[in-house]
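One structure below.
The values are calculated or read from the model by the stated rules, or taken from the named source; none is laboratory data. As the structure is a prediction and not an experimental result, all values here were calculated from the model. We place every Cβ from the backbone using ideal geometry, glycine too, and count neighbours over all the protein chains shown. Side chains are part of the model used for accessible areas, which takes the heavy atoms of the whole protein and leaves out ligands, DNA and RNA. Shrake-Rupley method; radii C 1.70, N 1.55, O 1.52, S 1.80 Å.
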Amino acid sequence: MTALPAPDDRAVTDSTAARAVAAPVLEVRDLHVSYGGVAALKGVDLAVSAGARVCVIGANGAGKSSLLRALAGLEPLAGGSICWRGERIDHLPSFERARRGISLVPEGRGVFARLTVQENIRIGGHARRGQSMTTDIDRVYSLMPRLAQRRTQLAGTLSGGEQQMLAIGRAMVAAPELLLLDEPSMGLAPMMVQTIFEVIAGIAQAGVTILLVEQNARLALRSTTWAWVLDGGRVLLSGDSSGLADDPRVRAAYLGD
Amino acid sequence: MDIFIQQLVNGVVLGSIYALVALGYTMVYGILGLINFAHGDLVMVGALSALALLKVCLAVGLGLPASLALATLGAVLLCGGLGVLIERVAYRPLRSAPKLAPLITAIGVSILIEYGAAMIWSKQYLALPPVIQSTTWQLAGAAITDLQVAIVVMASVLMAGLLWLIRATPLGVAMRATEQNAEVAGLMGIDTHRVIAITFLIGSGLAALAGIMVLLYYGVAHYFMGFMLGLKAFTAAVLGGIGSVPGAMLGGLLLGLIESLGAGYVGELTGGVFGSNYRDVFAFIVLILVLVLRPAGLLGTASGERA
Ligand SMILES: Nc1ncnc2c1ncn2[C@@H]1O[C@H](COP(=O)(O)OP(=O)(O)OP(=O)(O)O)[C@@H](O)[C@H]1O
Ligand SMILES: [Mg+2]
């Protein structure tokens, strides 16, 4: 009902339909999100194939977090649709989407400060309905030994980097098929960013589809194969990540060249 | 000395009951930030429905233990269901409304339950049939009945069970996660509406059990009994630090002791000007003192929003 008319500049993206490969597992069409009448997303289309590594870059306020929150079920849609493995999921609450394999590591991490590290990690298992999660928990601790050393510590007392590890570890225990990451590098020192991105690469290697949102465009384009550039709630450009990294417009606006 | 020990015993019994009711306030406050004013009335529904069921069971010739068990089961189920229904109908639709809206709704629900109960059970004081013969023991100069012991033991077991549930089970972790950040809990696959409903179920079931204890202990029940009891249990929750489960237990016990000892000595201290009929005053003196001196309560977190 409130769907805005398709803006002209969408033609750029429509033709490529921003698809990484055929047979997408995630298909977003004409997505609109608004906050009290102010539009944050004004008709976004994207399609992601199984096992792909893709990213969305854009300036502050471009609508990146709004997009991920809408996918995870935290924001109601003002228009458009979201299909996940052929099923419309846009009316499902967030916990149902989590149980269908969609995991969001939110902006600001969202660890449960007054739960222990161990409790935070085990809570990821609520999304998987019964199957044993011990192997995944072991994998989290072996990938991130700093968490293993701090099992009984309250999560609120962890450093920012450790909290980001915890948020990702918690998502791993949910055994997602689609991992949505909202600025995992935010506020972290270069060493920690490297560690975090190694963990993410490991998750991707296990076949998990990754949709990454990053302020750090260079890092995002380097870690993915396909990218969308979001601007003012619309897709401005899309293409394979290495191509976009060479695109003069992207270099000027987002890579600071 | 005798009075002291006697009032100590009475205070522990009373405090156990307050603690059970205070838990319902504190758990709902912790998870929703809502003071559920209707909670005290569930204690009343528990007492009156258990009394009605007990009479029916006895009338059809069931023995006392079986009748008590059935009445307890029935009252707990009824109150648990009522608590869940109240949450679903009166509070859930207001989840994202300003905090004042559910608070006013809670007062409305409380009045609704009270007058609903008056219509069903009348406004009379209803007496427990004289079926319970309690044995009295002498201990260090004080009289203790087996009923008092049973109440304290029962309340302790329930509270230990609740602590275990919250600390050690996946449901308990889900409850604490929902309390800390409901949005992220949803991202973890936790059905937060269900967790909140279970919280109401547990709180209301405990309220029913407290109501049955009051019925057995004092021998009467009344459609308005939940009002004062609810206020005192709320005071106990604030004293312990509202939102804190161990705090509600501690606050309940302390309030019971303060009230009993206060009632035991008020006549002596005021030269007979005030008698033990002023006992209700103590709870509210405590409430005011806590709010002024230590608004976060004894075990509460010191964040400004609490209390
Ligand atoms: N809860 C909200 N209420 C009102 N407006 C909001 C809300 N959340 C986001 N917005 C607005 O929507 C727009 C998009 O915000 P969003 O958080 O999606 O941007 P972003 O691309 O993630 O930015 P950043 O890089 O700074 O995280 C912004 O203009 C923002 O002010
Ligand atoms: Mg953002």
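A few points about this structure:
- Matching residues, the stretch A:100-141, being within 25 Å of A:SER65 (Cβ to Cβ), among the β-branched types (Val, Ile, Thr) and either free of Cβ contacts under 8 Å to residues at least 12 places away in the same chain or within 16 Å of ligand 1 (Cβ to nearest atom) (or both): A:VAL105
- Filter pass, B:LEU287 being open to solvent by 40 Å² or more (accessible area, probe 1.4 Å) and in contact with a Ser or Thr (Cβ under 7 Å, 6 or more places away or on another chain): no
- The stretch A:214-236 residues that are within 14 Å of chain B (Cβ to nearest Cβ), paired with ones that are within 14 Å of ligand 2 (Cβ to nearest atom) and modelled with pLDDT of 95 or more (beta carbon under 8 Å, 6 or more apart): none
- Among the residues of the stretch A:173-211, the ones that are within 16 Å of ligand 2 (Cβ to nearest atom) and more than 14 Å from chain B (Cβ to nearest Cβ) come to 7 in all.
- Note on the stretch A:58-73: residues that are closer than 23 Å to B:THR192 by Cβ and open to solvent by 30 Å² or more (accessible area, probe 1.4 Å) total 1.
- Residues located in the stretch A:77-99, provided they are more than 17 Å from the chain's Cα centre (by Cα) and within 16 Å of ligand 1 (Cβ to nearest atom): A:LEU77, A:ALA78, A:GLY79, A:GLY80
- Verdict on A:LEU179 being outside any loop (DSSP other than H, G, I, E, B), within 15 Å of ligand 1 (Cβ to nearest atom), under 15 Å from the mean Cα position of the chain (by Cα) and aliphatic (A, V, I, L, M): no
- Qualifying positions in the stretch A:212-222 - crowded, with 21+ Cβ neighbours inside 10 Å and either away from ligand 2 (no atom under 14 Å from the Cβ) or part of a strand (DSSP E or B) (or both): A:LEU212, A:VAL213, A:GLU214, A:LEU221
- On the stretch given as the stretch A:35-52, residues that are surrounded by fewer than 19 Cβ atoms within 10 Å (Cβ to Cβ) and more than 8 Å from ligand 1 (Cβ to nearest atom) total 4.
- Total residues in the stretch B:254-272, condition closer than 14 Å to B:PHE234 by Cα and surrounded by fewer than 22 Cβ atoms within 10 Å (Cβ to Cβ): 1
- Residue check: A:CYS55 meets all listed conditions (1) within 16 Å of ligand 2 (Cβ to nearest atom); (2) open to solvent by 10 Å² or more (accessible area, probe 1.4 Å) but one, namely (2).
- Complete set of residues in the stretch A:99-154 that are farther than 13 Å from A:MET172 by Cβ, open to solvent by less than 20 Å² (accessible area, probe 1.4 Å) and more than 8 Å from every other protein chain (Cβ to nearest Cβ): A:ILE102, A:VAL117
- Hey, B:ALA52 over 16 Å from the mean Cα position of the chain (by Cα) and farther than 30 Å from B:VAL238 by Cβ or not: yes
- Any hit, the stretch B:70-89, residues being crowded, with 23+ Cβ neighbours inside 10 Å and in a loop (DSSP other than H, G, I, E, B): no
- All helices (runs of 4 or more DSSP H) inside the stretch A:28-135 with 2 or more residues being in contact with a helix residue (DSSP H, G or I) (Cβ under 7 Å, 6 or more places away or on another chain): A:94-99, A:117-123
- Filtered by the rule that a residue be surrounded by 13 or more Cβ atoms within 10 Å (Cβ to Cβ) and part of a loop (DSSP other than H, G, I, E, B), the stretch B:100-122 gives no residues.
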